[in-house]
Amino acid sequence: MRTSPALGVPARKKTVPGADGQRTSPATGPWPCPQDPSGAARCVVHGAEFWSQYRINVTEVNPLGASTRLLDVSLQSILRPDPPQGLRVESVPGYPRRLRASWTYPASWPRQPHFLLKFRLQYRPVQHPAWSMVEPAGLEEVITDAVAGLPHAVRVSARDFLDAGTWSAWSPEAWGTPSTGPLPKEIPAGGQLYMEKEPQADSPAPPRPSLLPDLQPLVHRDPLEQVAVLASLGIFSFLGLAAGALALGLWLRLRPDGKDGPQKPGFLAPMIPVDKLPGAPNL
């Protein structure tokens, strides 16, 4: 935490939120914040607590008099990490549009489970002014849409994972060029073309490639699955043909005769000779 008085010695005191506004805790301050070296326009407050609020008294003194200004600050609102360190950019053999970037936490950031950092990464071909940006999940990122054959500039910055404070400054740029060689003859299981590293103790999550589009070969179906699909289609086709044939037969059997005049008796009607009917004249 830094202040910038023109002259004089700034001081601080811890304040605690209360019902009547901010009240001074009797167990704290005010404490002096000596300038080092003497006369410098800043001082450094050591031992500040993260979730506390502080009031800084900046006093300027000159031959014409003195001027005082009070600043109320909270450490979590002005928090700004240092840039990540050790940025490296490597090509991925056999992939002319991929680059692998990795980095480490800044040495000034305490590595604790409840004080993690999140990152953002920017990259561009060195001949182009516009940056592309992704937010990695861990301490490395695989860029999948690099321009083949061109060197790329990559940089990364960090921020508290709970969005306290602001983003750090960008790290120094690191350059890398995608691979131009052919695919290796032996591809390890899973299609990975580089050796997987052991998970680092300070890595909050395993690395993952960026979500930008990347052309990948289509995955073919299992032969057993294809056979099952074809058998199902054959069964449904057979049932459909059988139902159609049955419906056609019933329609032909039950349709009415289209001719005019009295209908002919069915073949089950009793066949009695006319000369045997009672009252019929003898011919």
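Points to keep in mind about this one:
- Carbon/sulfur fraction of accessible area - the range 33-78, other protein chains in place, 1.4 Å, %: 53
- Rounded, prolate or oblate (a/c below 1.5 giving rounded, otherwise prolate when a/b exceeds b/c) for the range 33-78 by Cα gyration tensor: oblate
- For the pair Arg255 and Glu173 in one chain, pulling the backbone fully straight at 0.36 nm per residue adds 20.8 nm over the alpha carbon distance.
- Relative contact order of the range 85-176, pairs being alpha-carbon contacts under 8 Å that are 6 or more residues apart, as %: 33
- Think of a 1.4 Å ball rolled over the protein heavy atoms: the range 120-184 then has 45 Å² of accessible area per residue.
- By accessible area with a 1.4 Å probe, ligands and nucleic acids excluded, highest first: order of Phe161, Phe115: Phe161, Phe115
- Couplings 3J(HN,Hα) of the range 46-51, computed from phi: 9, x, 5, 8, 5, 9 Hz, in residue order, whole Hz [Karplus 6.51 cos²θ - 1.76 cosθ + 1.60, θ = phi - 60°; x for Gly and Pro].
- Ranked from largest to smallest solvent-accessible area, with a 1.4 Å probe on the protein heavy atoms, Trp175, Trp31 come out as Trp175, Trp31.
- A 1.4 Å probe, protein heavy atoms only, puts the accessible area of Glu135 near 110 Å².
- Estimated at the nearest 10 Å², the accessible area of His46 is 140 Å² with a 1.4 Å probe.
The values are calculated or read from the model by the stated rules, or taken from the named source; none is laboratory data. Predicted model, so just to flag it, every value in this text is computed and none were measured. Remember, those area values only see protein heavy atoms, side chains included, never the ligands or the DNA or RNA. Shrake-Rupley method; radii C 1.70, N 1.55, O 1.52, S 1.80 Å.
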